[in-house]
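Asks: Sending over a structure as structure tokens; questions will come in a sec.
What follows draws every value from the coordinates through simple rules; no lab data is involved. Just so we're clear, the structure is a prediction, and the values are computed from it rather than from any experiment. Cβ sites come from the backbone with ideal geometry, for glycine too, and all protein chains shown count toward neighbours.
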Amino acid sequence: MSQPYKHLLEPLDLGFTTLKNRALMGSMHTGLEDKAKDFPKLAAYFAERARGGVGLMVTGGFAPNIEGWLSPFGSKLSKKSEVKRHLQVTEAVHREGGKICLQILHAGRYGYSPLCVSASNVKSPISPFKPRALSTKGVYRTIKDYANSAELAQQAGYDGVEVMGSEGYFINQFLVTHTNKRTDEWGGSFENRMRLPVEIVEAVRERVGPNFIIIYRLSMLDLIEQGSSWDEVVQLGKAIEAAGATIINTGIGWHEARVPTIATNVPRAAFSWVTGRMQDHVSIPVVATNRINDPQVANEIIAKGDADMVSMARPFLADSDFINKAAAGKPESINTCIGCNQACLDHTFGGKRSTCLVNPRACYETELNFSPTKNKKRVAVIGAGPAGLSAATVLAERGHEVDLFDKASEIGGQFNIAKKIPGKEEFYQTLRYYKNKIEETGVNLRLNEGVSASALISAAYDEVVLATGILPRKLTIEGADHPKVLSYIDVIRDQKPVGQRVAVIGAGGIGFDVAEFLAHQGVSPSLDIDVFNKEWGVDTEYKDRGAYGHADPEEPARQITMLQRKEGKMGAGLGKTTGWIHRASLKMKRVQMVRGVEYTKVDDRGLHFTIQGGEPQVIECDNVVVCAGQLSRRDLLEELEAANVTTHLIGGSKMAGELDAKRAIREGFVLAAEI
């Protein structure tokens, strides 16, 4: 039998060392890097992924000096006194047979610190602090700081370093005229602007010697106006190789770029073409990255010559055993990253510890664990949505006897709505994972089967878990029962016909999903790279600087107006790193947004309302779709508690609010670990 994914799993000889496969776990800042007391947790996190088979890992970013901080008192490696804490990480990884590099990241003007510096004093649109322009002497000092940080990483037992030269951080800020207005030897011509990364790599190589991995993260697509040209990217790549880099990793998009690069609406491997283009110009290994979450996709990238390695970051948050499962020929058992950003990047940018929506143990390896039960129980789990699936599979894995009931014909609950939204097709993968997990763990799945409290009581279960989810909140205004009025479940799950003119009540996550669903026509951009590039203006011919061209989205399928009661920003509760994408997408589809609305009635004309006590208005429409929140569904609770049945509430049945799969899956896991 041939080796599955043989290209991905083939060793890579770097001359002085060999990587056991072509999988790179890309850098992710988890929040565990920022405090010395959290390094035991960081060590456990990386050790688990080394045990899972990944060939080479890269830490979250560590600043080479205080000016390079991502945030005050954040991760930094600039003193010998900081080395000892890192030894916990490297020793743990090496015990598991893994290799790990430390990423040196200078935030530049992206630093959330009044001490931040950059090439020039040009403020970033994503940070409140205007940077100080670094002096000429300061540039030379910073180069020495990079070399010092690399030497300390070597002393800490790392197998190498990654120099972060992309995503719009410090080095990027020197490379382009957009942020570099200097007139000294570090500004002006591209030869001057590219001196910084070249001299950093040269200084690092001189300090660490020949037998130490240096990865350089090269920004191959800036995706901003006045970004680098393709010729400049190639010129820099060649110079970086000559300076002593071992591997060139791909960077896609500055953080301020208005093109999605890692969210779930980005097609898989959407940017591997640019890595393939670089392959023709350098002889050291290059790494493809961004939205690669499947072993087959990763294998194909290497097989067709677009890269020598593939970087997958969040997929290893979602499943630490990704590579081992691929090697065993069991891709169906991989807990696939869905690109939601809700528990990883949103947490990072919110100053919280990262984790993963589909894997709540990520970054909690020393805290969220379960062991085989010593007291086997019969447990009924009611509801096969995310919370119920999480609880049932962990309970069964621990050795309990579990019956999982759902009156629907398929597992998934609200995920069966989410998966139908253009750009959210990855939700199918979570349901595939749980379907496989149900079979693996021996959960007794009982679909198309509603269950009464009396039946549960007479069956004498030891405990009952209610994960019955939510009910959509209904309109209470005049005309709420008009034939024009539909719920979001009517529209998405039940596919009821919707006219050409639509009013959407509610601008939370579901309201945005409904508007996207109704405005969309044709192929989903997340399933077709050409459609995605056209919609967002990615110039694959690289005619424009930064490969940032003219967006040309499809015509919307309907005329849509979205309304909300609150006067604040539409979609204020959307994800910190993805909300702008949803707003931009609906803007391209010409969705009108109205705030501060008081609804009055629905009639044959449409939706009547006022704004802040103003004159009555009406949106003449064919349908009104209600996305006005949810209510917890707890119809079994009272009877079960009255019969003294030990009963637990999780997920939407515990708290409706904004639907929160992250909380639901975590609650299911935590409860199941304790029963």
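Asks: For LYS137 and ASN644, what is the calculated FRET efficiency with R₀ set at 56 Å and r taken between the beta-carbons, to the nearest 0.05?
Replies: Working: r = 76 Å, r/R0 = 1.35.
Using R0 = 56 Å, I get an efficiency of 0.15.
Asks: Cβ under 13 Å from SER320's Cβ, SER320 left aside: what net charge do those residues give with Lys, Arg +1 and Asp, Glu -1? Don't jump to the answer; show the numbers that get you there.
Replies: On the way: positive: ARG49, ARG51, ARG314, LYS325, ARG361; negative: GLU48, GLU96, ASP319, ASP321, GLU365.
Net of charged neighbours comes to 0.
Asks: While we're here: Subtract the Cα-Cα distance of GLN235 and LYS407 from 0.36 nm times their separation in residues, and report this length gain in nm to one decimal. It would help to have the intermediate numbers written out before the result.
Replies: On the way: separation 172, 0.36 × 172 = 61.92 nm, distance 6.10 nm.
Gain in length upon complete extension: 55.8 nm.
Asks: Could you please rank PHE62, PHE39, PHE609, placing first whichever residue has the fewest other Cβ atoms within 10 Å of its Cβ?
Replies: So the residues, fewest neighbours to most, are PHE39, PHE609, PHE62.
Asks: While we're on this one: How long, wide and thick is the chain, going by the Cα atoms along their three principal axes, in whole angstroms, largest first?
Replies: The Cα atoms of the chain stretch 75, 66, 49 Å along the principal axes, largest first.
Asks: Follow-up. Between ASN211 and ASP462, what is the spin-label point distance in nm, taking each point 7 Å from the Cα along the Cα→C-beta axis?
Replies: Between ASN211 and ASP462, the simple spin-label model gives 5.6 nm.
Asks: I would also like to ask the following. Defining a contact as two alpha carbons under 8 Å apart and six or more residues distant in sequence, what relative contact order in percent does the stretch 6-349 show?
Replies: Averaging sequence separation for qualifying contacts and normalising by length gives 16 percent for the stretch 6-349.
Asks: Moving to a separate point now. Report the full-extension gain for the segment GLN521 to THR18: residue separation times 0.36 nm, less the Cα-Cα distance, to one decimal in nm.
Replies: On the way: separation 503, 0.36 × 503 = 181.08 nm, distance 4.80 nm.
Fully extending the segment from GLN521 to THR18 adds 176.3 nm.
Asks: With a cut-off of 20 Å, note down the residues of the stretch 615-635 whose backbone N falls inside the zone around a label point 7 Å from the Cα of THR476 toward its beta carbon.
Replies: Residues passing the 20 Å test: 625-635.
Asks: If you average the C-alpha positions of the stretch 547-599 and of the stretch 378-429 separately, how far apart do those two centres end up, in angstrom?
Replies: Result: 30 Å between the Cα centres.
Asks: Long-range amide H contacts for MET562: which residues qualify at under 5 Å (H placed 1.01 Å from N, peptide plane, sequence gap of 5 or more or a different chain)?
Replies: Residues meeting the amide H criterion: VAL504, GLN592, MET593, VAL594.
Asks: Could you give the nm distance between label points at ARG378 and SER189, where each point is 7 Å from its Cα heading toward the beta carbon?
Replies: Spacing of the two 7 Å Cα→Cβ label points: 8.4 nm.
Asks: What list of ³J(HN,Hα) couplings, whole Hz, do you get for the stretch 153-168 from phi and the Karplus terms 6.51, -1.76, 1.60, once you set θ to phi - 60° and write x for glycine and proline?
Replies: So the J values, rounded to whole Hz, are 4, 4, 5, 7, x, 5, 7, x, 10, 10, 8, 7, x, 9, 6, x.
Asks: Right, next: Any lysines with Cα under 17 Å of the LYS534 Cα? List them, leaving off those in the same chain fewer than 8 positions away.
Replies: LYS543, LYS587, LYS589
Asks: Still on this structure, I have one more. Could you work out how much longer the chain between LEU115 and ARG634 gets when fully extended? Use 0.36 nm per residue separation minus the Cα distance between them, nm to one decimal. List each step's numbers first, then the result.
Replies: Details: separation 519, 0.36 × 519 = 186.84 nm, distance 5.22 nm.
Taking 0.36 nm per residue and subtracting the Cα distance, the gain is 181.6 nm.
Asks: Output wanted: per-residue J couplings in Hz (rounded whole) for the stretch 42-48, from phi through Karplus 6.51 cos²θ - 1.76 cosθ + 1.60, θ = phi - 60°, x for Gly and Pro.
Replies: Whole-Hz 3J(HN,Hα) from phi for the stretch 42-48: 4, 4, 5, 4, 6, 4, 5.
Asks: Report the local net charge at ARG217: Lys and Arg +1, Asp and Glu -1, summed over other residues whose C-beta lies under 11 Å from its C-beta.
Replies: Within the 11 Å Cβ shell, the charges total -2.
Asks: What 222 nm value per residue comes from the helices of the chain, counting each DSSP H run with n ≥ 4 as -39,500 (n - 2.57) and dividing by all residues, nearest 500 deg cm²/dmol? It would help to have the intermediate numbers written out before the result.
Replies: On the way: 23 runs with 213 residues, N = 675.
Helix-only estimate at 222 nm: -9000 deg cm²/dmol.
Asks: Holding the Cα-Cα limit at 29 Å, pick out from LYS374/LYS435; LYS99/LYS238; LYS80/LYS137; LYS238/LYS576; LYS407/LYS662 the pairs that are longer than that. Intermediate values should be presented prior to the final figure.
Replies: Working: LYS374/LYS435 26 Å; LYS99/LYS238 26 Å; LYS80/LYS137 24 Å; LYS238/LYS576 36 Å; LYS407/LYS662 23 Å.
Violating the 29 Å limit, Cα to Cα: LYS238/LYS576.
Asks: Go through THR561, GLY579, PHE129 and say which Cα lies farthest out towards the positive end of the charge dipole of the chain; charges sit on Cβ, +1 for Lys and Arg, -1 for Asp and Glu.
Replies: PHE129
Asks: Note down the magnitude of the dipole of the stretch 11-119 about its Cα centre, charges +1 on Lys and Arg C-beta and -1 on Asp and Glu C-beta and zero elsewhere, to the nearest 20 debye. The partial results should precede the final answer.
Replies: On the way: 15 positive and 9 negative charges, 33 e Å.
The dipole of the stretch 11-119 has a size of about 160 debye.
Asks: Could you list GLU426, GLU615, GLU365 in order of exposure, starting from the residue whose Cβ has the fewest other Cβ atoms within 10 Å? Walk me through the numbers before you get to the answer.
Replies: Details: GLU426 22, GLU615 6, GLU365 18.
Exposure proxy ranking, most exposed first: GLU615, GLU365, GLU426.
Asks: Could you name the lysines in cross-link range of LYS181, using Cα to Cα under 16 Å and dropping any fewer than eight places away on the same chain?
Replies: Answer for LYS181, where 16 Å is the Cα cut-off: LYS123, LYS130, listed by chain and number.
Asks: Could you please rank THR366, THR179, placing first whichever residue has the fewest other Cβ atoms within 10 Å of its Cβ?
Replies: Going from sparsest to densest Cβ surroundings: THR366, THR179.
Asks: Once label points are set 7 Å from the Cα along Cα→Cβ at both VAL670 and GLU615, what is their separation, rounded to one decimal in nm?
Replies: Going from the VAL670 label point to the GLU615 one covers 5.2 nm.
Asks: A further question on this structure: Please list, in chain and number order, the residues 5+ apart from GLY61 or on another chain whose amide H is under 5 Å from its amide H, with Hs placed from the backbone.
Replies: Under 5 Å from the amide H of GLY61 lie the amide H atoms of HIS29, each far enough along the sequence or on another chain.
Asks: Run through every distinct alpha carbon pair of the stretch 13-156 and return the Kirkwood hydrodynamic radius in angstroms, one decimal place.
Replies: Over the stretch 13-156, the inverse of the mean reciprocal pair distance is 16.1 Å.
Asks: Relative to the longest principal Cα axis of the chain, at what angle does helix 230-243 sit, 0 to 90 degrees, rounded to 10?
Replies: 60 degrees
Asks: What's the percent breakdown of Cα-Cα distances in the stretch 6-349 across 10 Å bins, shortest bin first?
Replies: Percent of Cα pairs in each bin: 6, 28, 38, 24, 5, 0.
Asks: Hey, another quick one. Taking θ as phi - 60°, what are the ³J(HN,Hα) couplings along the stretch 20-34 by the Karplus curve (6.51, -1.76, 1.60), each to the nearest whole Hz, with x for Gly and Pro?
Replies: Going residue by residue, I get 6, 7, 9, 9, 10, 8, x, 5, 9, 7, 9, x, 6, 6, 7 Hz, with x marking Gly and Pro.
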